[in-house]
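The values are calculated or read from the model by the stated rules, or taken from the named source; none is laboratory data. Here the structure is a predicted model, which is why all the values come from computation and not from measurement. FYI the Cβ positions are ideal-geometry reconstructions off the backbone, even for glycines, and counts take in every protein chain you see.
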Amino acid sequence: MISDIENIELKFLTLDDYQDLRLAMIDSYTTMPDSVWKEDHIKTLIDRFPDGQVVIMVNGNLAGCALSIIVDYNSFDAKHTYKDITGNYTFSTHTDKGDALYGIDVFIHPDYRGLRLGRRLYDYRKELCERLNLRGIAFGGRIPNYHKYAEDMSPKEYIEKVKRREIHDPVLNFQMSNDFHPHKIMKGYLEGDAASGEYAVLLEWDNIYYEKKSMRAAVNKKIIRLGLVQWQMRLYSDFDELMQQAEYFIDAVSGYRSDFALFPEFFNAPLMAENNHMSESEAIRELAKHTANIVQKFSELAISYNINVITGSMPEIRDDLLYNVGYLCRRDGTMERYEKLHVTPDEAKVWGMQGGNQLKAFDTDCGKIGILICYDSEFPELSRLLADEGMDILFIPFLTDTQNGYSRVRNCAQARAIENECYVAIAGSVGNLPKVHNMDIQYAQSMVFTPCDFSFPANGIKAEATPNTEMILIADVDIDLLRELNQFGSVRNLRDRRKDIFELKKR
C-alpha cells in the first residue's frame, strides 16, 4: 500500500466531497449504519465551522475525515450524551465564543488503516485548538471491544486493563497514544453503539498554550530574560557606596531588558568590615541594621529601572532572633519576603542564626517563581513543594567559600531543574574580604540550568559565567518549552511521581 501512494493531502471538507464521504462512512461503520451523516448535517457543519471539518485524501481518494465543533464546555454536564453535545444533531451547540474543541466524528477508511493517517487528523485538531486559543479538545470515545468482556467486568475495569495493555481496544488505545487522557465513563452516550454497550469514555487533551482572556492591559510573557549578578566582594567606604554598586548592576541588566535581577546571598557582607573589632555574632547583628534601608532602596530601583529584583539575602532580626532573609521587589512596587529554612552548621555556630518557617511560590508578571537561599537548594522537598504550586523558575542566591561547597550547590541546583521540570538560576559572590571575620574567601560560578531533554541543551546548562570573575550573566528562558516538556517529554518527572505510595505536604 505505502509503495503505491503518490500523494497525501489534508484539506477542508466541502459539499462536493459528500458522496465520497458517504461511501467512505458506509465502509467504515459496518456495524453502525445509522452513523452515516446526511448531506444537510454536513452542510450545517461546514456553514457553522468550516475550519473544523477536514478530510484526508490519498491519491485523490477520500481516506478519512474529522468533524468538530466549538462548545462552551462548562455548560455541559460531565454525563452528557452525543445528542446533548450536538444539539440533537442540529449543531446548535456550536459557538465561536466557546472554550473547547469537541470532536464529533473521526474515521479512517478500512483500505487506508495502518498508515497513521488518523494521527494526522488528530494533529490538525491540536494545531487548530492552539491557533484558536481554546483550552483543549474533548470527545466521547467508543470502546468497541467492550462487548467481548461486558459479562465479566465493568467499563471501569475494562478501561484499566486497556491502559495496562492487558486488553487491546483499537479506538481507545489509539486515542491514548495520541495524548488524550480518560476523564470519565459516560453511560448511554451513543444510541445504537451495541459494541460499546452504549458506553463511552470522555477523553480530553489539554492545550498547554491556552491563555485565558484577561481584561487587564498586560502581556503574558513567554520568553523571560534573566540577569544574574556575580558580585565581587570588596571593601566599601559606606552604605551608599555599596548601593551605588548594586544600582550599577541593576542598570546594566535592565539595559538588556532583563525581567529579573538576581543578587547573591549576603552580598552586603562587606559592610561588616567597620565592625570587625566585634565578635562575629555581634558584627552580623550590626549588619542586620542596614537591611530595611537596603530593601527600601532595592524597591525604588525595581520601579525606576522596570525590573523585578531578587535581593539575594541579608541578616534580619525579628523578636530578637537572627534570620537569613531576602525580598522579591517587583517592578510594580510590591514586595514579598522569603527566608532561609535550613541554616548551615557554621551560620548556627558562629552567628547564632535561626532557620525560617515560610515557603511559598511567588506570582510575578513573568509567571510563578520560587526562591531558595543557598543550603535550602540541597533539600529536594522544598523545590518540589514549589513546583507543585506551579513554579517555572527557581532562583538560588548562594554564598560558598570553597569549590567543593560551590559544587554542592551547583549539582543540587541542576538536579532541581531536572526533577521539577523548571529553570534554575544561581548567583554567587567572588573575591576576598580580608577584613571581615568568617567571610575571608568566596568561590562562585553563576549559571542557568534547564531540564535535560530535546528542547533544551543536552548538558542542561543554558548559560554560565566565568568562574571567580565579577560579571553579569544574561540568559533567555522559554516557558512554553516547559509546557511541552510537561506533556511530551522523554520522561515526565512531575507527572510520573508515585503519589499513590508517597506524598509531600507542607504544614
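Are any residues in the range 398-418 farther than 21 Å from F267 by Cα, of a type outside the set (K, R) and buried (at least 16 other Cβ atoms within 10 Å of the Cβ), and if so, which ones? Show your work before the answer.
Let us first name the residues in the range 398-418 that are farther than 21 Å from F267 by Cα, namely 411-412, 414-418.
Cutting the leftovers down to of a type outside the set (K, R) gives us 411-412, 414-415, 417-418.
Passing the criteria: C412, Q414, A415, A417, I418.
How many of the residues making up the range 357-388 are assigned to a loop (DSSP other than H, G, I, E, B) and either free of Cβ contacts under 8 Å to residues at least 12 places away in the same chain or among the hydrophobic types (A, V, I, L, M, F, W, C) (or both)? Steps first, please.
Looking only at the range 357-388, we keep the residues that are assigned to a loop (DSSP other than H, G, I, E, B), and these are 357-361, 366, 372-373, 379.
Checking the rest, the ones that are also either free of Cβ contacts under 8 Å to residues at least 12 places away in the same chain or among the hydrophobic types (A, V, I, L, M, F, W, C) (or both) come to 359, 361, 366, 372-373, 379.
Total meeting the criteria: 6.
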Any hit, the range 201-223, residues being assigned to a loop (DSSP other than H, G, I, E, B), under 30 Å from S35 (Cα atoms) and either under 31 Å from the mean Cα position of the chain (by Cα) or touching a residue at least 24 places away in the same chain (Cβ under 8 Å) (or both)
yes
Would you mention how many residues in the range 36-84 are more than 23 Å from R116 (Cα to Cα), touching a residue at least 60 places away in the same chain (Cβ under 8 Å) and of a type outside the set (V, I, T)?
7
Which of the residues belonging to the range 365-402 are among the hydroxyl-bearing types (S, T, Y) and at pLDDT below 95?
T402
Mind telling me which of the residues G356, G405, G390, G352 ends up being within 24 Å of K499 (Cβ to Cβ) and assigned by TED's automatic domain parsing to the domain that holds R318?
G390
Hey, Y236 farther than 30 Å from G140 by Cβ, in contact with a helix residue (DSSP H, G or I) (Cβ under 6 Å, 6 or more places away or on another chain) and in a loop (DSSP other than H, G, I, E, B) or not
yes
Boolean, L128 is in a loop (DSSP other than H, G, I, E, B), out of contact with any Phe, Trp or Tyr (no Cβ under 8 Å at 6 or more places or on another chain), surrounded by 15 or more Cβ atoms within 10 Å (Cβ to Cβ) and not charged (D, E, K, R):
no
Would you point out the residue of the range 293-322, among those that are closer than 18 Å to G356 by Cα and surrounded by fewer than 23 Cβ atoms within 10 Å (Cβ to Cβ), that is farthest from the chain's Cα centre (by Cα)?
D320
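Here's the yes/no breakdown for (1) in the same structural domain as L287 (by TED's automatic domain parsing); (2) closer than 20 Å to H290 by Cβ; (3) surrounded by 23 or more Cβ atoms within 10 Å (Cβ to Cβ); (4) not hydrophobic (A, V, I, L, M, F, W, C):
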{"site": "V325", "(1), (2), (3), (4)": "yes, yes, no, no"}
{"site": "C329", "(1), (2), (3), (4)": "yes, yes, yes, no"}
{"site": "D346", "(1), (2), (3), (4)": "yes, no, no, yes"}
{"site": "T364", "(1), (2), (3), (4)": "yes, no, no, yes"}
{"site": "E381", "(1), (2), (3), (4)": "yes, no, no, yes"}
Cβ-Cβ below 9 Å, separation at least six or inter-chain, first residue in the range 295-308 and within 17 Å of A252 (Cβ to Cβ), second of a type in the set (S, T, Y) and part of a strand (DSSP E or B): which pairs?
F298/Y327; N308/T364
Would you pick out the residues in the range 175-192 that are surrounded by 17 or more Cβ atoms within 10 Å (Cβ to Cβ) and not polar (S, T, N, Q)?
M176, F180, P182, I185, M186, Y189, L190
How many residues of the range 332-356 are farther than 16 Å from G312 by Cβ and in a helix (DSSP H, G or I)? The answer is 6
